[in-house]
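The values are calculated or read from the model by the stated rules, or taken from the named source; none is laboratory data. Keep in mind the model is a prediction, meaning the values are calculated, not measured. Please note: Cβ atoms are built from the backbone with ideal geometry, for glycine as well, and neighbour counts cover all protein chains shown. For accessibility, only protein heavy atoms count, side chains too; no ligands or nucleic acids. Shrake-Rupley method; radii C 1.70, N 1.55, O 1.52, S 1.80 Å.
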Amino acid sequence: MCGIVGYIGKKNGAIPVIDGLKRLEYRGYDSWGIAAKDSGRIDFHKQVGKIGAFELAKDLPEFSGNICIGHTRWATHGGVTEANSHPHFSCDNKIAVVHNGIIENYQELRKNLEAKGHKFRSQTDTEIIPHLIEEKLKEKHNLPSAVRLALKDLEGSYAVGVISQDDDILIGARKGSPLVLGIGNGEFFLGSDVPAFLKYTNKVIFLDENQMAILDQKNQSYKIMDVNTNKQLNPEIATIEWSLDEAEKGGHPHFMIKEMLEQPYVIEKTISVEANELKKAASMIKSAERIYIVACGTAMHAGMYGAYIFALRNNLIVQTISAGEFPYFEHLISTNDLIITVSQSGETADVLEAVRSAHRSGAKVLSLVNVMGSSLMRMSDMFLLTKAGPEICVLSTKAYVSQQAMFVMLSATLAGDITAGKKILQIAKNDIAKILKLMSLDKIKKLAREIATVPNIYAIGRGVNYPSALEGCLKIKEVSYIHAEGFAGGDLKHGPISLIEPGVPVLAFVANDGSDKEILSNAMEVKARGARVIGISFENNQVFDEYFPVAANGVYTPISAIVYTQLIAYFIALEKKLDPDKPRNLAKSVTVK
Ligand code: M6R
């Protein structure tokens, strides 16, 4: 949660920092703020709400500084107020700090600092950081040492950007929250994520745990230090291959629609995944005693789909566990087990914690992850990059499809027939392209218009389509705020069917995988109680009030079927005049537990 950006160089840093904040808004959009150092003085501006429409030249023309930090917030400690928005300052206002993460021992630190006379202006955990630095500076440390020593006192997670009125440097550091250093021509950038500064440079260093970057304006140089040992490090500079265009809306009104439209191309990328990589991952799976798939939200639904495919195609028993629940299973994990994690961002705190716990138990970790250089990628014993490209919309769409596709390739590799996996994905790719062409058809929009005002929507599926029912409803509820719930068709009679009343929309996912008869009788059961049945199926049936066709792709049908619910969710949001890219209360990367 929260995005941080920093700039040091010769330009007015407020320009790239505001620009970066707009690109990071998906990480949090309760409030935002910037601070810049200009000829010895730190100026700042904070505002409640989204940064979207803010224009520096028009709204704050005087604001400038060659050393600048910025923050877009997703509130954890303290309400959404100007006082709680970042940057936060020391008592003397000489130190400004932006922070992403949670300082777990902040209450104790705050008490100690207050006892020493420090006055706090917010309810945030972050504010203790500038005060701690101020305290260390009083002990005659220079800024880098003061920051380093302050960081050592912190428990919890942080990515920080620090500037000081008395120094021409920008300091960034991380532990548990992501931070990337961008290396430009005589200038440097900090960002929670690469798109924050991709417009200016594609040369980056992904800071590792407990690393601190000291960026020097006068010498145009940078130093990476280990916060614990104070040793200088020499990390590799990576080149980012994503184009800025890939990270931008590319003429579409929202990232959500842009990202949904990219799905055929995303599958193409998965089809071309290196056979050697797949074989290495497959051999980890083969040699594991027990296999668990651990993920959150949409990624967990992709994991559930993977577990069905492994069971049906590879005779493997795989258990899917929501990462937040994984600690309750930790005592059962042992050295011969394999944990497969799935994550778009690679920064989800619950997933990272599950990886730490798996490693504590001696288990191996294989990750399906989308963001190159992410914490998850670096913590895993092996990773497969899902290559969906940057996903900016808070709702995960193309990443889901790429994760499902990667499970298909893994399953095909386990079965010794990678080519079969490619063929299956080709069918799914063509089908998605077809569905997206139909997109402009009034049928989806008309349905969205008609159901935009209902209080409840349900979805049913069986086997491989049970995750589709869950994921379809997650999309709808996230973006439209309509209560939407997915059920396994067979579970209806055990309780949920009591919810069915005349007119309630029920999406029925039907695949030609042998489960069609059963799910169609479940559809009949709800129809008999007045439900409006919307069939997403390989063939039409009289039970459907509306019918959306998908290719008959057996157990792989869900890969394209899900696209309908993404589109329905999107058009309901538009109908309700909601912003599909930034649903209320959500953030793209959930970096808090
Ligand atoms: O980055 P991750 O894939 O680890 O994120 C996991 C979930 O937080 C994420 O899928 C969330 O459920 C999305 N908002 C779904 O659209």
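Listed by first and then second residue, the pairs with beta-carbon distance under 7 Å, at least 6 apart or on different chains, first residue in region 83-94 and over 16 Å from residue 162 (Cβ atoms), second outside any loop (DSSP other than H, G, I, E, B), are 85/31; 85/32; 85/33; 85/46; 85/48; 85/73.
Restricting attention to region 77-84, does a residue exist that is among the charged types (D, E, K, R), assigned to a loop (DSSP other than H, G, I, E, B) and either surrounded by fewer than 21 Cβ atoms within 10 Å (Cβ to Cβ) or modelled with pLDDT of 95 or more (or both)? Within region 77-84, one or more residues are among the charged types (D, E, K, R), assigned to a loop (DSSP other than H, G, I, E, B) and either surrounded by fewer than 21 Cβ atoms within 10 Å (Cβ to Cβ) or modelled with pLDDT of 95 or more (or both). Number of residues in region 256-276 that are open to solvent by 40 Å² or more (accessible area, probe 1.4 Å) and either closer than 14 Å to residue 404 by Cβ or under 24 Å from the mean Cα position of the chain (by Cα) (or both) equals 5.
Taken over region 322-333, the criterion of being open to solvent by less than 40 Å² (accessible area, probe 1.4 Å) and more than 14 Å from the ligand (Cβ to nearest atom) is satisfied by 333 alone. Of the helices (runs of 4 or more DSSP H) contained entirely in region 368-444, those carrying at least 3 residues that are in contact with a helix residue (DSSP H, G or I) (Cβ under 7 Å, 6 or more places away or on another chain) and away from the ligand (no atom under 12 Å from the Cβ) fall at 398-414, 418-438.
For region 7-17, the criterion of being within 22 Å of the chain's Cα centre (by Cα) and assigned to a helix (DSSP H, G or I) is met by at least one residue. Look through region 351-364, keep the residues that are open to solvent by less than 30 Å² (accessible area, probe 1.4 Å) and within 14 Å of the ligand (Cβ to nearest atom), and return whichever of them is nearest to residue 208 (Cα to Cα). The qualifying residue nearest to residue 208 (Cα to Cα) is 352. For region 1-51, the tally of residues that are under 24 Å from residue 76 (Cα atoms), among the charged types (D, E, K, R) and in contact with a strand residue (DSSP E or B) (Cβ under 7 Å, 6 or more places away or on another chain) stands at 4. None of 289, 274, 236, 268 is within 18 Å of residue 369 (Cβ to Cβ) and not small (Gly, Ala, Ser) except 274.
Which condition does residue 458 not pass, out of (1) in a strand (DSSP E or B); (2) within 16 Å of the ligand (Cβ to nearest atom), if it passes all the others? Result: residue 458 fails condition (2) only.
All conditions in (1) over 31 Å from the mean Cα position of the chain (by Cα); (2) open to solvent by less than 10 Å² (accessible area, probe 1.4 Å) hold for residue 490, with the sole exception of (2). Those helices (runs of 4 or more DSSP H) of region 221-304 in which at least 3 residues are more than 28 Å from residue 183 (Cα to Cα) and of a type outside the set (Ser, Thr, Tyr), considering only elements entirely within it, cover 255-261, 263-271, 275-286. For residue 528, the conditions (1) away from the ligand (no atom under 16 Å from the Cβ); (2) in contact (Cβ under 8 Å) with a residue 24 or more places away in the chain; (3) of a type outside the set (Ser, Thr, Tyr) are fulfilled apart from (2). Kindly provide the set of residues from region 335-367 that are of a type outside the set (A, V, I, L, M) and in a helix (DSSP H, G or I), ordered by number. 350, 353, 356, 357, 359, 360, listed by residue number. For residue 59, the conditions (1) of a type in the set (D, E, K, R); (2) surrounded by 14 or more Cβ atoms within 10 Å (Cβ to Cβ); (3) under 31 Å from the mean Cα position of the chain (by Cα); (4) farther than 23 Å from residue 180 by Cβ are fulfilled apart from (2). Just one of the listed residues (546, 539, 575) is within 30 Å of the chain's Cα centre (by Cα) and more than 16 Å from the ligand (Cβ to nearest atom), and it is 575. Checked against the criterion of being modelled with pLDDT under 95 and either within 16 Å of the ligand (Cβ to nearest atom) or closer than 22 Å to residue 590 by Cβ (or both), region 294-302 has no qualifying residue.
Criterion first (open to solvent by 10 Å² or more (accessible area, probe 1.4 Å), over 18 Å from residue 416 (Cα atoms) and among the acidic types (Asp, Glu)) does residue 337 satisfy it? Here the answer is no, as residue 337 does not meet what is asked. Within region 287-308, residues that are without any contact (Cβ under 8 Å) to a residue 12 or more places away in the chain and of a type in the set (A, V, I, L, M) reach no partner that is in a strand (DSSP E or B) and more than 16 Å from the ligand (Cβ to nearest atom) with beta carbons closer than 7 Å at six or more positions or on different chains. Looking across region 277-312, the residues that are surrounded by fewer than 19 Cβ atoms within 10 Å (Cβ to Cβ) and over 24 Å from residue 391 (Cα atoms) come down to 279, 280, 283, 284, 286, 287, 289, 290, 311, 312. Of the candidates 460, 476, 482, the single residue that is of a type in the set (A, V, I, L, M), under 25 Å from the mean Cα position of the chain (by Cα), in the same structural domain as residue 503 (by TED's automatic domain parsing) and surrounded by 24 or more Cβ atoms within 10 Å (Cβ to Cβ) is 476.
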